[in-house]
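Below: one structure, written as structure tokens.
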Amino acid sequence: MGTVDKTVRIIIAAVVAGLYYAGTISGTLGIVLLVLAGVFVLTSLVSFCPLYTLFGISTCPNKQ
């Protein structure tokens, strides 16, 4: 997983968490988005996304 991908995931997770705790999103949708934000942070920290493996996607720059 590339650096840009990690950064975007962390930013999205922070925005979702902020909106949830501010009360802008709530209920079932809020909880689902908060869990998704947690998954984004976790995959960013470990630099691995299982869905990328399934679909053969790589955002990591090739080393030459």
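Return yes when THR24 is β-branched (Val, Ile, Thr), modelled with pLDDT under 95 and surrounded by 11 or more Cβ atoms within 10 Å (Cβ to Cβ) and no when it is not.
no
Taking only pairs six or more apart or across chains, which ones have beta-carbon atoms under 9 Å, a first residue in region 1-13 that is surrounded by 17 or more Cβ atoms within 10 Å (Cβ to Cβ), and a second residue that is assigned to a helix (DSSP H, G or I) and among the charged types (D, E, K, R)?
Final answer for the pair search is MET1/ARG9.
Can you work out which of the residues in region 27-40 that are touching a residue at least 24 places away in the same chain (Cβ under 8 Å) and surrounded by 16 or more Cβ atoms within 10 Å (Cβ to Cβ) is farthest from the chain's Cα centre (by Cα)?
Restricting to residues being touching a residue at least 24 places away in the same chain (Cβ under 8 Å) and surrounded by 16 or more Cβ atoms within 10 Å (Cβ to Cβ), the top hit is ALA37.
The values are calculated or read from the model by the stated rules, or taken from the named source; none is laboratory data. Every value quoted in this text rests on a predicted model; they were computed, and no experiment measured them. Counting neighbours? That spans all protein chains shown, and the Cβs are built from the backbone with ideal geometry, glycine included.
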